[in-house]
1. Which count do you get for residues in region 17-48 that are out of contact with any Leu (no Cβ under 7 Å at 6 or more places or on another chain), surrounded by fewer than 21 Cβ atoms within 10 Å (Cβ to Cβ) and part of a loop (DSSP other than H, G, I, E, B)?
2. What's the number of the condition residue 191 fails, among (1) in contact with a Lys or Arg (Cβ under 7 Å, 6 or more places away or on another chain); (2) at pLDDT 95 or above; (3) over 17 Å from residue 113 (Cα atoms)?
3. Does any residue in region 152-171 that is in contact (Cβ under 8 Å) with a residue 40 or more places away in the chain and surrounded by 12 or more Cβ atoms within 10 Å (Cβ to Cβ) come within less than 9 Å, Cβ to Cβ, of a residue that is part of a loop (DSSP other than H, G, I, E, B) and aromatic (Phe, Trp, Tyr) six or more places away or on a different chain, and which pairs are these?
4. Free of Cβ contacts under 8 Å to residues at least 12 places away in the same chain, out of contact with any Leu (no Cβ under 7 Å at 6 or more places or on another chain) and not in a helix (DSSP H, G or I), is that true of residue 220?
5. Within the bounds of region 197-207, is there any residue that is basic (Lys, Arg), free of Cβ contacts under 8 Å to residues at least 12 places away in the same chain and assigned to a helix (DSSP H, G or I)?
Amino acid sequence: MQKERAKERAAHYAASLVEDGMVVGLGSGSTAELAVRALGERVRTGLRIVGVPTSRRTAALARRMGLKLCDPESVDRVDLAIDGADEVEERSLALLKGRGGALVREKLVARAAQRLVIVVDETKLVPCLGARSPVPVEVVPFGWFWCAQWLKELGGQPTLRRRPNGRPYRSDNGNLILDVQFGQIEEPERLDALVKRLPGVVDHGLFLHLADTVVVGSVNDVRVLRRSAN
């Protein structure tokens, strides 16, 4: 309950940063959905925005909340994107994302956004990425097992993500996801480049140099972290 309250506090703060007339990227996952609900409350009181959802689930929720949505190709900018994260390296604001399976679309929207605001509770802050969570890697279905072998050669321990019924999980793009344990990632930029270089890899969950602001919620307050200009 306390963790949920912390997430709600951070989500409402992030939603308050949205201004009238903005094109807003809408992230995926439980914390991002709280921000979508908070935006829905503001829309009902007169806020006019257009949302670009990063998953089908987010799109369905946003429609229920009364948000106007658009496809990425119909807008030439995203003013601000709000999303969650599985891990945040507090020093650099580097992120690990993808537990919800929408990492490719999330990264596209994050890169297109003039400002990326990440919403988390205190438990998501880590001294080094990979300390708690695997790196999700989205791969095309054809030859996915080869991708898994190549990820092993990079020092990872890949596991094919499956649904509760045992069937392979499919992203909204129709691809598979390998959750790869690398342990603490001392050189995220190097790993970023090596994984992206593998044939069959669509993208991965390392989000580097993308977050401008991280809103960290606790039971009693909100702390705002901003990326250094350096």
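1. Of the residues in region 17-48, 6 are out of contact with any Leu (no Cβ under 7 Å at 6 or more places or on another chain), surrounded by fewer than 21 Cβ atoms within 10 Å (Cβ to Cβ) and part of a loop (DSSP other than H, G, I, E, B).
2. Answer for residue 191: the failing condition is (1).
3. 154/182; 161/169
4. yes
5. The first filter runs over region 197-207 and keeps only residues basic (Lys, Arg), leaving 197.
Then drop every residue that is not free of Cβ contacts under 8 Å to residues at least 12 places away in the same chain, which leaves 197.
Now restrict to residues that are assigned to a helix (DSSP H, G or I): none.
Checking region 197-207: not a single residue is basic (Lys, Arg), free of Cβ contacts under 8 Å to residues at least 12 places away in the same chain and assigned to a helix (DSSP H, G or I).
The values are calculated or read from the model by the stated rules, or taken from the named source; none is laboratory data. It should be emphasised that the depicted structure is a prediction, and the values quoted were computed from it without experimental measurement. Here Cβ is always computed from backbone atoms with ideal geometry, including for glycine, and neighbour counts include all displayed protein chains.
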